[in-house]
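Written below as structure tokens is the structure these notes are about.
Rule-based calculations on the coordinates, nothing more; no lab input. All of these numbers come straight from a predicted model, not from anything done at the bench. Cβ placement follows ideal geometry from the backbone for every residue including glycine, while neighbour counts extend to all protein chains displayed.
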Amino acid sequence: MKYLRTCWHWVVKYKYVLLILGFLLYIGFIDEHNLVRRYRLWQEEKALRAEIERYREEFNENTRRLRELESDPAAIERIARENYGMHGADEDVYVIEK
């Protein structure tokens, strides 16, 4: 009984500290929207934003190349030569692979 009374006095004395610790434990680990889960979601969001930026840059580069192809016939010829190995009627093409 004396032990219970001592414990009760300790709880009454430190009730606000225990309340704050319990609250921090609850929002940190127990709650459905806890801090650990929020941190993981934040990391995932950061990775997705980086991926969006990479796709945006790729889209801008492809748009620039498309406009170049639409406006410059020499660009079409250059792409045909570099990517598809096409050549003119009086030309020979040699492909050297490393």
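Per-residue ellipticity at 222 nm, computed for the chain from helices alone with -39500 (n - 2.57) per DSSP H run of at least four residues, works out to -25000 deg cm²/dmol.
Suppose every Lys and Arg Cβ carries +1 and every Asp and Glu Cβ carries -1, with no other charges. What dipole size does the chain come out with about its Cα centre, to the nearest 20 debye?
1940 debye
Axis angle, to the nearest 10 degrees, between helix 2-13 and the longest C-alpha principal axis of the chain: 50 degrees. Charges on Cβ only, +1 for Lys and Arg, -1 for Asp and Glu, centred on the Cα centroid of the chain; of Met86, Ile76, Phe29, which one is farthest towards the dipole's positive end? About the Cα centre, the residue reaching furthest to the positive side is Phe29. Helix 73-84 and the longest principal axis of the Cα set of the chain meet at an angle near 70°. Fraction of C-alpha pairs exceeding 24 angstrom in the chain: 66 percent, rounded to a whole number.
Taking a straight Cα-Cα cut-off under 20 Å and skipping sequence neighbours fewer than 8 places away in the same chain, the lysines within cross-link reach of Lys13 are Lys2. Against the chain, whose longest principal axis comes from its Cα atoms, helix 15-25 is set at around 30 degrees.
Taking a ≥ b ≥ c as the square roots of the eigenvalues of the Cα gyration tensor, an a/c ratio of 1.5 or more together with a/b larger than b/c marks the stretch 1-49 as prolate.
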